[in-house]
1. Would you check which residues across segment A:324-355 are away from RNA strand B (no atom under 11 Å from the Cβ), surrounded by fewer than 24 Cβ atoms within 10 Å (Cβ to Cβ) and either under 37 Å from the mean Cα position of the chain (by Cα) or within 25 Å of A:Thr267 (Cβ to Cβ) (or both) and list them?
2. Against the condition within 16 Å of RNA strand B (Cβ to nearest atom) and in contact (Cβ under 8 Å) with a residue 12 or more places away in the chain, how does A:Gly500 come out, does it pass?
3. Kindly list the number of the only condition in (1) at pLDDT below 95; (2) buried (at least 18 other Cβ atoms within 10 Å of the Cβ); (3) within 29 Å of A:Arg634 (Cβ to Cβ) that fails for A:Met715.
4. Among the helices (runs of 4 or more DSSP H) confined wholly to segment A:516-620, which include 1 or more residues that are open to solvent by 50 Å² or more (accessible area, probe 1.4 Å) and under 23 Å from A:Ile222 (Cβ atoms)?
5. Please list, ordered by first then second residue, the pairs with beta carbon atoms under 6 Å, 6 or more apart or interchain, first in segment A:751-770 and without any contact (Cβ under 8 Å) to a residue 12 or more places away in the chain, second among the charged types (D, E, K, R).
6. What are the residues in segment A:330-360 that are farther than 21 Å from A:Lys233 by Cβ, touching a residue at least 40 places away in the same chain (Cβ under 8 Å) and not in a helix (DSSP H, G or I), if any?
7. Name the single residue, out of those in segment A:634-659 being within 13 Å of A:Ser691 (Cβ to Cβ) and not in a loop (DSSP other than H, G, I, E, B), that is least open to solvent (accessible area, probe 1.4 Å).
8. Within segment A:90-112, track down each residue that is among the hydrophobic types (A, V, I, L, M, F, W, C) and either closer than 16 Å to A:Tyr41 by Cα or in a helix (DSSP H, G or I) (or both).
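The values are calculated or read from the model by the stated rules, or taken from the named source; none is laboratory data. From a predicted model like this one, the values you see are computed outputs, not experimental measurements. Counting neighbours? That spans all protein chains shown, and the Cβs are built from the backbone with ideal geometry, glycine included. In case anyone asks, the SASA skips ligands and DNA or RNA and just uses the protein heavy atoms, side chains included. Shrake-Rupley method; radii C 1.70, N 1.55, O 1.52, S 1.80 Å.
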Amino acid sequence: MEYNYKQIEKKWQEKWYKENTFKASDDFTKPKFYGLVEFPYPSGQGLHVGHPRSYTALDIIARKKRLEGYNVLYPMGWDAFGLPTENFAIKNKIHPKIVTENNIANFKRQLKSIGFSFDWTKEVSTTDERYYKWTQWIFLQLFKRGLAYKQEMPINWCTSCKVGLANEEVVNGVCERCGSEVVQKNKSQWMLKITEYAERLISDLEELDYIEKVKIQQKNWIGKSEGAEVDFKLSGIDYTLTVYTTRADTLFGATYMVVSPEHELLTKFADKIENIDEVRAYQVEAAKKSEFERTELSKEKTGVKLQGLSAVNPVNNKEIPLFISDYVLTSYGTGAIMAVPAHDDRDWEFAKKFNLPIIEVVAGGENVQEAAFTDIYSGKMINSEFLNGLEVKDAIAKMIAYLEERGIGKKKVNYKLRDWVFSRQRYWGEPIPLIYCEKCGWVPVPESELPLTLPETDNFEPGENGESPLAKMTDWVNTTCPCCGGKAQRETDTMPQWAGSSWYFLRYIDPENDSAIAATEKLNYWLPVDWYNGGMEHTTLHLLYSRFWHKFLYDIGVVSTPEPYAKRTSHGMILGENGEKMSKSRGNVVNPDDMVEDFGADTFRTYEMFIGAFDQSTPWSINGVKGCFRFIERVWNLQDILTDEEGYSTDFEKAMHKTIKKVTEDYDKMKFNTAIAALMALINDIYKKGSITRGELKTFITLLNPAAPHLTEEMWERANFGGCLNETDWPKYDEAKCVDDTVEIVAQINGKVKDKIMIPADISREEMERVALENEKIVALIEGKQVLKVICVPGKLVNIVVK
RNA sequence: GCGGAUGUGGCGGAAUUGGCAGACGCGCCAGACUUAGGAUCUGGUGUCUCCGACGUGCAGGUUCAAGUCCUGUCAUCCGCACCA
């Protein structure tokens, strides 16, 4: 019987799609499972082999959960706003809407050809008006609660895309998307106060079942730091310069202060600064540099002393000099620091360069004139009056208490996380639904008028000085104020790509709903997402943003859970055959379409799961695909050796139960490679045996079904097992039948294997020892030697220690 | 610099609590069959000085026993990067 994968796969795919076989049910009495994979950005290149790795993995989980009786929601959609589409549209003079439609059609065709069990009735696209109506609605709720604000601020400006970028989109000083230089530019931007949620975004991680590296990466990204703010007075001027420090204990060692080039002090007291020209020149230099250049470590410290100004150390009243330097960042803490060169590497370097005093206040290191001593776990306070003799930790607490008592400082927690730059000067995104009125300020578009649709135009190129393309459409821009009815203008910036993906998992639950994000009872039933798989690259962007939005929606009572995803796993990357990252320029890209065409979806899926440990990156191998193709064919050919016998043959029962156990557990733990290996091992044994019973076949194809659904469904039908395989129950195993009656134990002498002996599994320890000691080889080898000890591990080994 | 991983045959990778290193697949070798195929089937395949040794990046250590635990070290990859 020939295995015609093309025909078979097409047959089942059409049936599944037409009959909505995998539609999630509205029966809320059933236990639910919400499995989620990151929806793709429908690029012109089509699907990458990385996508099916994630999608097949959760498809296996979803299919297995259905057989286990769960009501499963496993949806798919399109994250379709974004720059590449827009750039393609501009270049080829095709409307981005058309580009998007074409790309989606292609992606959908590809996904269907791989046979995923998505519930296509829940399909969403972020570019759909009925979808982004709610993206805009969420934004308005953020705005109304003061979490969206407009600010003139230096932003990362991509010189090529002509667009402001979030910090997350700047990689190594260049634009994440196009690789062009990123510079600082002042621009009035909409910002979202994600920092307000910083603490909860960290602390709530605790309860979540996320793989550890995601938690760690998010924590590091948010960058919580506990310290204190300390007030320094300037001498002779009524001004308090507040600094942030985690090392309040070292205050007696603060020998100078540094402010960032953008600090307000520099404009406020320009007339007092004797060398103001020099200072201004330094400011200009700093402004020219990109954030990346400023933060390059290797570079030497630079700075200018502020002549004419000085500060007073509040604990010893010593007068200390002030500097301006770009190693102090405006955006963190207060934009000013107290410098303790003896115990901070950066301050030490700066002090050496500018010949500033280095005073040791923590003893325990080497000579602080030679290098800073930064250890906080060893060492005791010196030269610090009331702190002397204390450990660093205690000294910090004591100093903060001292400062608080006198009202010159307080405990303070800081985060590295910055607010989210939410504006893009681009066409292909959700319009920000706000209107500016001279009289009323920023006014929301009334919710009844949502969605605020993206106006039609042929000209989506960005404006000259970085204006949004929408600004050119004056008919659309000019409107009336919803508040006072006067003349007003619309906001012309659009939202970043991350907006639509920050809540898409909610829309899947009820995609047709026009009166709410989703019906409350549906949200209550389906949330949280039980299992979310995606790439590590989304850890600090999408994953954090969507947790932020979800928490906000929780706070305003829209959703019932404080966290969107109960469990998060992450797949490794699939590399090219040469072990390098797949890319067009390297010429090592594998096209999923070719795999499906040449080997079929089942082989492709099986190989993607067999390729290696799921969470690790691993190179593609066309020979590996062929190996899986052989396996799939061998499965098909089981039909040739099928007997009429129901149930398992007696001498094969244990093998069947063991395999069920192994595959069941491995799927749950995402150890797909060893699950497939176990099925390969079993089929090898079946062919050795020469025949397969109906019971054995039924179990075998059910276990394989989540990975290779078309083949197994077809075999189910041909074997007349009744109904469809996707409606059957997951096979059960009997723990007692997973244990062998006889086991092979190892006889060792001094830890070296000398022989292997078959013994009954339930033999006593003494009996085991006796068997080993009577073993021919062992007898010969221990002859004339003194037996010191015999170690017996039941069911495993006997180790005889001799001298 | 900080944080996180990963180092096992020719290759991808297996290996509950420390207990037979190399499952499964690829590749390779030999044979069978043949309507000469992207075949298929059967057997073999860690290394060596092959009656015995040696083998999980490297060097030590703990243990009857170490891929697994401890100390040190090297290499590669990823993330963050002057965060006071």
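1. A:Phe354
2. Numbers: within 16 Å of RNA strand B (Cβ to nearest atom): no; in contact (Cβ under 8 Å) with a residue 12 or more places away in the chain: yes.
Answer is no for this residue.
3. Here A:Met715 meets the rest and fails (1).
4. Values: elements: A:520-526, A:542-555, A:592-599, A:601-610.
Output list reads A:542-555.
5. Listed by first residue and then by second, the contacts come to nothing, as the list is empty.
6. Within segment A:330-360, the first condition is being farther than 21 Å from A:Lys233 by Cβ, and the residues that meet it are A:330-332, A:341-346, A:348-355, A:358, A:360.
Going one step further and asking which of them are touching a residue at least 40 places away in the same chain (Cβ under 8 Å), we end up with A:330-332, A:341-344, A:346, A:349-351, A:353-354, A:358, A:360.
Hits for segment A:330-360 are A:Thr330, A:Ser331, A:Tyr332, A:Asp344, A:Ile358, A:Glu360.
7. So the first thing to find is which residues in segment A:634-659 are within 13 Å of A:Ser691 (Cβ to Cβ), and the list is A:637-645, A:648-649, A:651-652.
Now restrict to residues that are not in a loop (DSSP other than H, G, I, E, B): A:637-642, A:651-652.
Values: A:Asn637: 57, A:Leu638: 0, A:Gln639: 33, A:Asp640: 93, A:Ile641: 39, A:Leu642: 55, A:Asp651: 123, A:Phe652: 17 Å².
Selected residue: A:Leu638.
8. At the first step, the residues of segment A:90-112 found to be among the hydrophobic types (A, V, I, L, M, F, W, C) are A:90, A:94, A:98-99, A:104-105, A:107, A:111.
Answer for segment A:90-112, where residues must be among the hydrophobic types (A, V, I, L, M, F, W, C) and either closer than 16 Å to A:Tyr41 by Cα or in a helix (DSSP H, G or I) (or both): A:Ile90, A:Ile98, A:Val99, A:Ile104, A:Ala105, A:Phe107, A:Leu111.
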